[in-house]
Amino acid sequence: MDKWTEMRSAYLVAKLGTISAAADALDVHRATVNRHIETLEQILETKLFQRHARGYTPTDAGRDLLETAGRVEEMFAELAGRNHGRNSQFSGDLILTCLSGFVPLIMPAISQFRTAYPKVTLHVMAENRLARLEYGEAHVALRAGPKPEEADYVVQPFHQLRFALYAHKSYLQQYGKP
């Protein structure tokens, strides 16, 4: 069954007792909740609720839905609880390669990274040799120059570096402008 959204709407109507309360809990319009219930009733070929002036009361089929959806809700809550924080705390080794001249530029970012992810052991390889990411020599590479052509690389700018050349008048007279 691919009607999880509709099932959740009906579950909340059964649990909360009214279309309005379910719509508020789901942050949708009442018409959307009504449409979800109608869709489920058509699929299941039975009425899920008795409608009356004070709200909605589940039929036997509605109580079955409430019980089933309640178990699904509990399983999702348990799954969320088990996975809470798993991805927010990275751990393990991370190998960063960069040109040796970049080290002073990246130290503030490295310091922030180490504070944010204390369980990550960061290895910085500051050398002029290009480590090959595709062979696992490093996980992240900071480089200057043109964008790499490798299809698997994710390239993002890190820092815009500006520089200037200076020369004495006598050098320019003897050798010209570089």
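Worth a mention:
- Scope the range 19-50; condition under 28 Å from the mean Cα position of the chain (by Cα) and either more than 19 Å from E73 (Cα to Cα) or open to solvent by 20 Å² or more (accessible area, probe 1.4 Å) (or both); matching residues: D24, A25, L26, D27, V28, H29, T32
- Residues that are closer than 19 Å to E127 by Cα and touching a Pro at 6+ places or on another chain (Cβ under 8 Å), drawn from the range 139-165: none
- Selection within the range 131-143 - closer than 23 Å to F163 by Cα and part of a loop (DSSP other than H, G, I, E, B): R143
- F90 meets the conditions (1) assigned to a loop (DSSP other than H, G, I, E, B); (2) closer than 19 Å to K15 by Cβ in every case but one. The failed one is (2).
- Test for Q160: is it open to solvent by 100 Å² or more (accessible area, probe 1.4 Å) and modelled with pLDDT of 85 or more: no
- Here T97 qualifies as of a type in the set (S, T, Y), open to solvent by less than 60 Å² (accessible area, probe 1.4 Å) and touching a strand residue (DSSP E or B) at 6+ places or on another chain (Cβ under 9 Å).
- For the range 51-76, filtered to residues that are of a type in the set (A, V, I, L, M) and crowded, with 16+ Cβ neighbours inside 10 Å, the residue that is farthest from the chain's Cα centre (by Cα) is A61.
- For L16: the one exception among (1) without any contact (Cβ under 8 Å) to a residue 12 or more places away in the chain; (2) of a type in the set (A, V, I, L, M); (3) open to solvent by less than 50 Å² (accessible area, probe 1.4 Å): (3)
- Members of the range 111-123 found to be part of a helix (DSSP H, G or I) and either acidic (D, E) or under 19 Å from E137 (Cα atoms) (or both), listed by number: none
- Residues within the range 144-171 that are part of a loop (DSSP other than H, G, I, E, B) and without any contact (Cβ under 8 Å) to a residue 12 or more places away in the chain, tallied: 17
The values are calculated or read from the model by the stated rules, or taken from the named source; none is laboratory data. It should be emphasised that the depicted structure is a prediction, and the values quoted were computed from it without experimental measurement. In this analysis, Cβ positions are derived from the backbone assuming ideal geometry, glycine residues included, and neighbour counts consider all displayed protein chains. Areas reflect the complete protein model, heavy atoms only, side chains present, ligands, DNA and RNA absent. Shrake-Rupley method; radii C 1.70, N 1.55, O 1.52, S 1.80 Å.
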